[in-house]
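The values are calculated or read from the model by the stated rules, or taken from the named source; none is laboratory data. Here the structure is a predicted model, which is why all the values come from computation and not from measurement. Virtual Cβ from ideal backbone geometry, glycine too; neighbours counted across all protein chains shown.
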Amino acid sequence: MNMPKFKDILQKLSVFKNNLSLLVPVIIALVAVLLFLPTQLMSSKLKKAMEQESITDGGKKIKNLEKTAVSRQQYEMEAERQKAHAVDANEIAKLAMQTTQRELLSYVIFPAPEPNGFSGLIFQEYGQRYRAGIDQMMLSVKGRDCPTDAEIQRGLESSSSSSRARGRGGSMMSSSRGMPGMNLYGGNSMMFGNIDRMIVDEMCKDRAKSISVYVNPLDISGYEYWADYKYDVKQEDAIQDCFYHQLGYWIIGDIFQAIDKMNSGHENVLTAPAKRFMGITFTMGLKRPRSGGGGAFRSGRRGAQKKQQEDVDRPAYVRTGAPGLSESCTGRYCGEDIDVTHFNFSVIVATKSVLPFMKELCSVKEHQFRGYKDGTDPPQTFKHNQITILESKIGSINSNDQTHRYYCYGDESVVSLDLICEYIFDVKGYDSLVPEPVLNTLAGKDEEK
């Protein structure tokens, strides 16, 4: 095939020279042809891609959207969900109230009694109930203190008399035993002969085998304060005093519940994890040695001094960081929803039981509630968990120290555990009981005077 020569092509194009009107349409047609071919190619590819995407991926997306599309009943479902959330919130608020709805020592004092027909004897009755309640707590945990000096002396005298009656001769104890104010088994153990020491040891071991934990009621806040209470203050002050001690009574009850749970299943104090309740204080200002059994705490004072509120070891509300017994790691203070108080108590426990005891102290506990009117409503069993440990300190035990004379803790190693704790009260759970002077304290009105 012969290709046309370039000269021939020019000769053919010369036709347009003589007829320019034909040149323009030809050029347009040529450009159109040049544009048409790539456009057709691109459109075919685009069409093919669109068909693939719309049929496959697009179809899948549409089907997925159909599955996840909001139904016409969506608003009804959301309403039910919000209703369930409201029920949960109300249930939580109800449970919070139940933690503070507790049995009272007096249903006459709380709420405040009417002025007409009022008698100061109700406060003496309150004190008797407070002490009887503490006695019952001690009984529930099989608690009792170690032998006192008087008991030791009587035991030695009885043993010495028996020995003489049997013709064995007297004991080897020093003749200073009967001197007034002389300690028998602490501070100077050389006051005993070998036989007397053995007798004292046996007396102490017998006591340890008969109880589950060492407790002396004088180490419990308020116990001595309410002994032989005389109503010689204003009614408002007495009611306020009863109210604060009621709060303390609930806290003490929780501590004894923890001790009881820890020692459950153990025969006596020699094997029990919680060995000794050392004491509790709400002010940290009344800690002092106790005569007799050698305790570390002594709560309250008797006589005229106990009338002074600053000398009464009772709970105090923590409204800021200043009056607390420890810096609050929780940041909780008295407010519209909760009231907060701090307390410090010490206990001797087996070394391996330190963490379990702390866990048990902060665990959920049960209590019964019979209403605030007169305490005769059908009992309801509620749960509460109001203790948080803010500070802990562990110390070693020196068995030769006077604080631990006459005490037998068993063969396992023991330590002293000193805790500062926070206790929470739900305001709505007991707001009907709070006396007006206490409300003024919470509102800060007493500071304005």
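In this structure, MET198 does not satisfy being of a type in the set (A, V, I, L, M, F, W, C), at pLDDT 90 or above and either assigned to a helix (DSSP H, G or I) or surrounded by fewer than 18 Cβ atoms within 10 Å (Cβ to Cβ) (or both). Just one residue in the set GLY444, GLY331 is at positive phi and either acidic (Asp, Glu) or in contact (Cβ under 8 Å) with a residue 12 or more places away in the chain (or both); that residue is GLY444.
Scanning the stretch 340-387 for residues that are acidic (Asp, Glu) and surrounded by 12 or more Cβ atoms within 10 Å (Cβ to Cβ) yields a count of 1.
In the stretch 355-379, what residues are within 30 Å of SER392 (Cα to Cα) and free of Cβ contacts under 8 Å to residues at least 12 places away in the same chain? Result: LEU355, LYS359.
Against the conditions (1) farther than 23 Å from ILE387 by Cα; (2) part of a helix (DSSP H, G or I); (3) among the charged types (D, E, K, R); (4) at pLDDT 65 or above, ASP88 satisfies every one except (4). Identify, from the list LEU390, LEU433, LEU419, the residue that is assigned to a loop (DSSP other than H, G, I, E, B), hydrophobic (A, V, I, L, M, F, W, C), surrounded by 13 or more Cβ atoms within 10 Å (Cβ to Cβ) and in contact (Cβ under 8 Å) with a residue 12 or more places away in the chain. Selected residue: LEU433, the only one of LEU390, LEU433, LEU419 that is assigned to a loop (DSSP other than H, G, I, E, B), hydrophobic (A, V, I, L, M, F, W, C), surrounded by 13 or more Cβ atoms within 10 Å (Cβ to Cβ) and in contact (Cβ under 8 Å) with a residue 12 or more places away in the chain. Residues that are farther than 16 Å from GLY279 by Cβ and not in a loop (DSSP other than H, G, I, E, B) within the stretch 393-414 comprise ILE394, SER396, VAL414, listed in sequence order. Of (1) part of a loop (DSSP other than H, G, I, E, B); (2) small (Gly, Ala, Ser); (3) at pLDDT below 95, ALA238 satisfies all except one. Which? Failed condition: (1).
Summed over the stretch 199-239, residues that are among the β-branched types (Val, Ile, Thr) and without any contact (Cβ under 8 Å) to a residue 40 or more places away in the chain total 0.
Could you tell me whether ALA93 is more than 30 Å from GLN128 (Cα to Cα), of a type outside the set (D, E, K, R) and modelled with pLDDT under 70? Talk me through it step by step, then tell me what you get.
On the way: more than 30 Å from GLN128 (Cα to Cα): yes; of a type outside the set (D, E, K, R): yes; modelled with pLDDT under 70: no.
Judged against the criteria, ALA93 is not a match.
In the stretch 425-446 there is at least one residue that is more than 17 Å from VAL213 (Cα to Cα), within 26 Å of the chain's Cα centre (by Cα) and among the acidic types (Asp, Glu). Filtered by the rule that a residue be out of contact with any Pro (no Cβ under 8 Å at 6 or more places or on another chain) and assigned to a strand (DSSP E or B), the stretch 343-380 gives ASN344, PHE345, SER346, VAL347, ILE348, LYS365, GLU366, HIS367, GLN380.
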